[in-house]
1. Among the residues in segment A:275-290, are any without any contact (Cβ under 8 Å) to a residue 60 or more places away in the chain and of a type outside the set (S, T, N, Q)?
2. With the condition kept exactly as written, say whether any residue in segment A:131-148 is in contact with a Gly (Cβ under 9 Å, 6 or more places away or on another chain) and either modelled with pLDDT under 90 or of a type in the set (Lys, Arg) (or both).
3. Yes or no: segment A:49-58 includes at least one residue that is away from every other protein chain (no Cβ under 12 Å), under 18 Å from A:Glu162 (Cα atoms) and either of a type outside the set (Lys, Arg) or part of a helix (DSSP H, G or I) (or both).
4. Look through C:Ile402, C:Ile359, C:Ile373 and report the one residue that is at pLDDT 70 or above and more than 8 Å from chain B (Cβ to nearest Cβ).
5. Does any residue of segment C:270-281 turn out to be out of contact with any Pro (no Cβ under 9 Å at 6 or more places or on another chain) and farther than 23 Å from C:Val114 by Cα?
6. State the number of residues belonging to segment A:233-253 that are surrounded by 18 or more Cβ atoms within 10 Å (Cβ to Cβ) and out of contact with any helix residue (DSSP H, G or I) (no Cβ under 9 Å at 6 or more places or on another chain).
7. Pull out all pairs, ordered by first then second residue, where Cβ-Cβ is under 6 Å, the residues are six or more apart or on different chains, the first lies in segment A:373-390 and is more than 24 Å from C:Phe292 (Cα to Cα), and the second is among the charged types (D, E, K, R).
8. Would you be able to tell me the number of residues in segment C:110-124 that are surrounded by fewer than 22 Cβ atoms within 10 Å (Cβ to Cβ) and among the β-branched types (Val, Ile, Thr)?
Amino acid sequence: MDNYIIEMLNITKVFPGIIANDNITIQLKKGEIHALLGENGAGKSTLMSVLFGMYKPEAGIIKKNGEVVEINDPNDATALGIGMVHQHFKLVEVFTVLDNIILGAETTNKLGFLKKKEAREKVERLSKEYNLQVDLDAKVQDISVGMQQRVEILKMLYRDNEVLIFDEPTAVLTPQEIEELLLIMKNMAKSGKSILFITHKLNEIKAVSDRCSVLRKGKYIGTVNTSDTTIEELSEMMVGRKVDFNVFKKPSEPKEEILRVENISLKSKIKKGNVVNNVSFNVRRGEIVCVAGIEGNGQTDLVYGITGLEKITSGNIFLKGKNITHASIKERNTNGFSHIPEDRHKYGLILDFTLENNMVLQRYEEPMFQNHGFIKPKAVREYSDKLIEEYDVRSGQGSVTIVRSMSGGNQQKAIIAREMDKDHDLLIAVQPTRGLDVGAIETIHKRIVKERDEGKAVLLISLELDEVMSLSDRILVMYEGEIVGEFDPKTTTVQELGLYMAGAKRMEGGSK
Amino acid sequence: MAFFIQQTLVFMIPLMIVALAGTFSERSGVINLALEGIMIFGAFIGVLFIKIISDAGLGQDHAQLLLIIGILAAMIGGGIFSLLLAVSAINLKADQTIGGTALNLLAPALVMFLIIIITGSNTINTPASLDFMLYRGDFGIAEGKELNLFEQIFMNKVYLSNWYALGLYVILSVILYFTKFGLRLRSCGEHPQAADSVGINVNKMRYIGVTISGTLAGLGGFLFALTAAGGASTGDVAGMGFLALAVMIFGNWNPLTIAGAAFVFGACKCIASGYQYIDINGDGIYALANLGISKYVYMILPYAITLIILAFTSKNSHAPKAEGQPFDHGQR
Amino acid sequence: MTFIFLFLILAVIIGGFSVYAILTTKKAKANGYETWLMKFYAKDSVKTIISSVTAILLGLLVGCLFLIMFVGSEMSGRSISGFDLIDALQLIFFGGFNTGRNEFGSLIYGWNGVSLGNMLFRATPLILTGLSVGVAYKTGLFNIGAPGQYLMGTAAALIVSLTIPSDVIPPFIIWIIAFLSAIIAGALWASIVGLFKAFLNVNEVITCIMTNWIAAILVTSLFDKTTGPFNFLLDPSGDKNYKFVYKTAHNGVETIKLGLDKLFPGSQINAGIIVAILIAILMFIIINKTTFGYSLKSCGSNKHAAQYAGINSKLYITLSMAIAGGLAAAGAALYYLSGNTEFTWSTYQSLPAIGFNGIPVALLASCNPIGIIFSASFMAYLDISGLQIRNMTMYNEYISSIVSALIVYFSAFALIFKQILSGKIKLFRKKKEDISNAVDTRFKEEDYNVDKKEETDSKEVETTEEGGTE
């Protein structure tokens, strides 16, 4: 019999209306790196939350070292030596790094006062041992995403965990940082830790894992030895069909300039200095310009500045040659902007409104939908029904569905329908495929290419380098609020982009 | 001067302690709009207990002991009353603003209902024969001795209850920042999912936060009844609970700045109520009264100053991020 | 006896209806069609009403328990008897229809024009303060500043209606001018709160609290006996310490009665109630049918999305507070311009309760303007019942305040009630069945998980951006 440290046998976890995990069995050997592969929504995170005691499964047992154990909450998991780096970091932003590491596992004196000195020594020792550099007295809100991840890893090590779960740890890192992390993981496995590595990126699995289990739509598909399989086989197991990740598109034929941004800067709200610093570029009709970069390097703020959600502190913005630096959001909307926002729940939709009311979010004041200030409910309904039909937005009750009750993919489709149907010259799409499954991603990519072919200008902001490489006609890399390089996707590599994204290299003069 | 400081403290201490009450609740993640109601209830319970015990003929000679009993009763009463908020906010995930408003409506109604049934009139009083105030003689200071500033403020015509409250304020502030419990409580108000992921029982911490909040607000209400209302409970604390809420926001949910905010407010309030009697430099000239400014200007002062300061400081205001959001264990 | 009889009839009707509902629904479900009742029940508004009614019933029930708890307790020498309890239990429901006692000492019921008319008169300002809170709430603002706005409205209405000479300008015109100036005063006062919120992001709760007290002190100073600029409006015949401002009838200004006083003889009722109802309907139309209302609601539901859509949220936050203030002040104007109400304000220790009572009125109606008409009337009815309880029994009128507070408390659970009603929360969970149901639906909602993840995700973003919210 194999020497399994953790076994999850026949786990079933049900949420109202859906089975997230359907009779899943995963076995983790001591000292191995075991990858858990699946699309968004396949049930990987749910399964790991079950192991970590955050959900209680309806059926199935968990064994540690061959003995059945009960894990009712994260305390039980910690006691069993199981630790987890969550996909969305579980860090208290206003606390210091040290406070975050000790939270929940504090050492105190008899009166309950914290003994931070001892804790500090232990953390410093661990960070040296595993080469995880952090500033213990900085507040989490002030440190980079990469460092936040190191804090999460230190949290596990501080608790002396021997089973480490990494939930999509590479999503927020540069290619170089990813390599570094994979190295750290290998080191940890060497020193006897067992690692469960959740991801949907196949090359990472090939690079680091010993074995790989695949989930699809809540079901267990199989476990393979990584060295015996190919990336194509893994992708077919994950999606259930052959997938072509390359987007087919004609070479671009850029025409006249639609958007020109000249030396714009935005002040940071959290830190001193600028979050967007002296950025200039343009976007022309019939091309897709993509801004690449690691999360938090000013891309979000750049879009806020261009769309008018935030005031820019200096610089000028031109739309079709007209200076719109001081134009209101409404003016920008009516003069040719369409904007698929990064955060669909915060900006894109009013979740408690019906679908039809969301469909006319920017347009209800147009004569088409109102008469002397009174909304024309019939016109709104007809228009919404038309978009639903055209863009295949699925919802419980059609136009009158409350948007909150819709699935994420369909919410995104609704936004895309609204923005693409609107009269526009420029489409700004920020991470339009985030969190969606492969099918939805394919559709959205096709739509964006179609936009370009119809002669619109497209500005795409994406964190996924694969998406950047396959969709764009021109790539701008952003680092710490500045554009540090401009590339042609046909002549550059992911590795090269990574160096610029991490700030290791920069082109003199930035962009044109 | 001494009079001025003493009077300021009379306003300041209840405000501080109730603002701290709000802080404990909100730092754990529950908006406590019910401070006013809890104060009213606490004041009533405290006065009621003192009345019952002294009516039974006990404790007439031990006013200071009765005072402590009254304080404890008020705190326990406030704590129990606040559980109504905890149940609705934590277990039933109800809108915390509405829950708090309901308690603010319930407390005066309930208290008045009971007061009328108990006394047949609109107030309930601590027996007039009991004097909780301590004078110089009680501290062994001989009659006729010139009092220094410290003695004037702390050892003559004082209520010990205020000093108890001040002590409690310091202790709880230290607990909030330097203990395991405090760290955990604050994490629940900032990022409950993070707290949950490291095995902290968020709902339990929130219950504790709200209950501490209730006991402190109950105490604050009792202090108000004892000092400002002369030992009477009338189903009203003159909006002190709401003011404390303002002081809490104004003080940025932080005990130190809350103390500062409470001082500013207390001092203004003190000037407003006693500007005719304030002799700033002890030369027998009542400068403020001689300015000839309408008394209403002084009355408006504390509120207007708070508004103005808020206008300038609002950008730096940091409410606990997760306050008002019910925590669902099942949610990621 | 009438009382028991009424109760029996009610019980039979409700019981019969439930049996009918259960039977038809079962049959319909088995055969796969929908009855009118099921369609009716599926409506969101119906569920809202049902959950409000549930809150009311629970509040009344717990209120009754309170009454029962205090049977036998002594009150100034006399103890509360079982008869008091029986009477009080009746009055808490039917107090407005009580017409006294018969020769045997038991309560009799009928058309009580005084009580019911006064109820509507009391409901008039409540509808408007309720609307004030409700409209602000729709825009995401918690307006506890209604008391201050109410006071500013009172002062404006009284000053204008008493200083314009009625021998020059007809009283009816004065009434309109006074009414409008009250609205303007309230709107201006409340827009302070709106401006602070919109441009400085100062929490509206705290500015409301501050402006309430400032308003109270200002109004006190206006009518100060010796120094107030409007002390000539004080009625010299009144009490030495508590001087009242003249009733507006002193200057001939009175709200017209429209014959309502014939329907409710002896009561204070006037056409103000009709004005209030019309304003409520107007607000309903504005909020639900116009682009203006759409903008207001967008700002309230998701101010970020509103900004994204190009809606000027600063403008709408300020406007919505101004409207809220105008409504609260209109309530004050309708109350004091009736001609027969006295105003005194010689203290700065408390605030007018009518302002605060707008909050429960609005919450009970889920801030729906039409619902507010009914919830305000209901709250006023409870008040009248309370007065009857005080007059007819050994209990006191505060029981009705307890009941209304409890109703607000329970209406906070409206969301839970609604979820239970729509079957999202099952009181009795059957595990196995759930699993098999889930299998059926899972492929319809493939990306359910994504959604869930996204939702918490954006919540996190949301909370990092928010400043102080109360």
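1. Scanning segment A:275-290, I find no residue that is without any contact (Cβ under 8 Å) to a residue 60 or more places away in the chain and of a type outside the set (S, T, N, Q), so the answer is no.
2. Filtering segment A:131-148 for residues in contact with a Gly (Cβ under 9 Å, 6 or more places away or on another chain) gives A:144-145.
Checking which are either modelled with pLDDT under 90 or of a type in the set (Lys, Arg) (or both) leaves us with A:144-145.
Yes, segment A:131-148 contains a residue that is in contact with a Gly (Cβ under 9 Å, 6 or more places away or on another chain) and either modelled with pLDDT under 90 or of a type in the set (Lys, Arg) (or both).
3. Yes - at least one qualifying residue is present in segment A:49-58.
4. Details: C:Ile402 fails: more than 8 Å from chain B (Cβ to nearest Cβ); C:Ile359 fails: more than 8 Å from chain B (Cβ to nearest Cβ).
Answer to the check: C:Ile373.
5. Narrowing segment C:270-281 to residues out of contact with any Pro (no Cβ under 9 Å at 6 or more places or on another chain): C:270-271, C:273-275, C:277-278.
Restricting the remaining residues to those that are farther than 23 Å from C:Val114 by Cα gives C:278.
So far as segment C:270-281 goes, yes, one or more of its residues are out of contact with any Pro (no Cβ under 9 Å at 6 or more places or on another chain) and farther than 23 Å from C:Val114 by Cα.
6. The number of residues fulfilling the criteria is 1.
7. Hits for this filter: A:Leu387/A:Asp421.
8. Total satisfying the criteria: 1.
The values are calculated or read from the model by the stated rules, or taken from the named source; none is laboratory data. Since the model is a prediction, treat every value here as computed from it, not as a measurement. Cβ atoms come from the backbone with ideal geometry, glycine included; neighbour counts cover every protein chain shown.
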